[in-house]
Amino acid sequence: SWRGSMWSLDPKLGFWAVLLKPEELAKRKINTGGNAFLIKWINKNLPAGRELFKAGIKQNDVLVEYAGKPITMDMRGMNADLRINYKVGQRLSLTVVRGGKRINAKVKLVASD
């Protein structure tokens, strides 16, 4: 996941997020059973970013589940897992918290332009 050359590989998630600390999760009243990421930016210029919007994911959502499970890895690990275990055309289940409500989304994985 650390190799710069892997970033050209598909599929991509199309967003940038930061890991939330436990105190931030407590303040937001979010119990994840794992890690959680605040989605700070979605790249609408990438097909992957546009697919996130179609699936209902928005900036400032808190990502709490990846592939239907609590997140036990960092962003590098998620990106590596995505490229190793998923193919373009598949759908990936993501769960976010927005306004105290959990939202489940199925994101279509697409190729880059």
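Scanning region 83-103 for residues that are closer than 13 Å to D10 by Cβ and assigned to a strand (DSSP E or B) gives a single hit, L92. The residue that is surrounded by the fewest Cβ atoms within 10 Å (Cβ to Cβ), among those in region 74-103 that are β-branched (V, I, T) and in contact (Cβ under 8 Å) with a residue 40 or more places away in the chain, is V88.
Scoring K106 on the criteria (1) open to solvent by 40 Å² or more (accessible area, probe 1.4 Å); (2) of a type outside the set (A, V, I, L, M, F, W, C); (3) in a loop (DSSP other than H, G, I, E, B) leaves a single failure, condition (3).
Looking only at residues in region 48-73 that are open to solvent by 20 Å² or more (accessible area, probe 1.4 Å) and assigned to a helix (DSSP H, G or I), which one is farthest from K106 (Cα to Cα)? Looking at the filtered set, the residue picked out is R50. Considering the conditions (1) open to solvent by 70 Å² or more (accessible area, probe 1.4 Å); (2) assigned to a loop (DSSP other than H, G, I, E, B), T32 is excluded by exactly one of them, (1). In this structure, G100 does not satisfy being at positive phi, in contact with a Ser or Thr (Cβ under 9 Å, 6 or more places away or on another chain) and not aromatic (F, W, Y).
The values are calculated or read from the model by the stated rules, or taken from the named source; none is laboratory data. What you see is a predicted model, and the numbers here were worked out from it, not measured in a lab. Note that each Cβ is placed from the backbone with ideal geometry, even for glycine, and that neighbours are counted across all protein chains shown. Ligands, DNA and RNA are stripped out before the accessible areas are found, and what is left, the full protein with its side chains, is counted by its heavy atoms. Shrake-Rupley method; radii C 1.70, N 1.55, O 1.52, S 1.80 Å.
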